[in-house]
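First up is the structure itself, then whatever we jot down about it.
The values are calculated or read from the model by the stated rules, or taken from the named source; none is laboratory data. Every value quoted in this text rests on a predicted model; they were computed, and no experiment measured them. Positions of Cβ are backbone-derived with ideal geometry, glycine not excepted, and every protein chain shown enters the neighbour counts.
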Amino acid sequence: MSTDRAGAAAALAARVRAVEDAAAQPAGLDRLAVAVRGCRACPELAATRTQVVPGVTPRAARIVLVGEAPGAQEDASGLPFVGRSGQLLDVLLAEAGIARERVAVLNTLKCRPPGNRAPSRTETATCRPWSTRQLALLDPAVVVALGLSATRWFLGPTSLAAVRGRVHERDGWRVLPTYHPSAALRFGPAGEPRRLLLADLRDAARLADQGS
Ligand code: URA
């Protein structure tokens, strides 16, 4: 490894350790959210965001939905999935018979990448301890990974086609990979992504009922 790459790897490891330490301290989800909001570990994201989006974490949640990163409307409101994808998600959750208070909603990245670019690997690694700790405190019956980024966050390099439609056990979580609502929007109301996302949410509801 070159000296530059070794230096960058060491700097990233130190950043991740600092976030791990910060995420380990708060006693509960509300205090953890306060700590997430104060995070400045990714300099570009801290400089360009309007608000940090820690997620929504109702105590009674048995299902955790995990998306990729906040978009413009989430950045403005501080809440996850409030834009067009979020509105479709609300419709599909209702169709699947899942009450909002049973669902926590997180993103793998808590800040909006400028211009909605894809999160970098460094940003995703740095932010990871926040969601890991939220999952530990929520202790859900099932986690639904929305889209490829969230799926890879849990399962590592893979494609959605390879893993969708099955439950995967990872780090003690039951993970159900599925389409992101933005794919369902892109392919329209009669498209496969919408149909399969709804079917997967129904599966998640069934698993949550079995597991509680
Ligand atoms: N897309 C995501 O992945 N997360 C959001 O919060 C909004 C859109």
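Please state which of the following conditions Arg128 fails to meet, knowing it meets all the rest: (1) in contact (Cβ under 8 Å) with a residue 60 or more places away in the chain; (2) surrounded by fewer than 16 Cβ atoms within 10 Å (Cβ to Cβ).
(2)
Please give the number of the condition Arg166 fails out of (1) touching a Ser or Thr at 6+ places or on another chain (Cβ under 6 Å); (2) surrounded by fewer than 20 Cβ atoms within 10 Å (Cβ to Cβ).
(1)
If Val64 passes every condition in (1) hydrophobic (A, V, I, L, M, F, W, C); (2) within 12 Å of the ligand (Cβ to nearest atom); (3) outside any loop (DSSP other than H, G, I, E, B) but one, which one does it miss?
All conditions are met except number (2).
Residue-wise test of (1) within 9 Å of the ligand (Cβ to nearest atom); (2) under 19 Å from Leu176 (Cβ atoms); (3) at pLDDT 95 or above.
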| position | (1), (2), (3) |
| --- | --- |
| Glu44 | no, no, yes |
| Arg49 | no, no, yes |
| Pro54 | no, no, yes |
| Pro70 | yes, no, yes |
| Ser77 | no, no, yes |
| Val82 | yes, no, yes |
| Leu88 | no, yes, yes |
| Leu93 | no, yes, yes |
| Ala96 | no, yes, yes |
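Which count do you get for residues in region 77-116 that are among the hydrophobic types (A, V, I, L, M, F, W, C), surrounded by 15 or more Cβ atoms within 10 Å (Cβ to Cβ) and over 18 Å from Ala184 (Cβ atoms)?
Qualifying residue count, region 77-116: 5.
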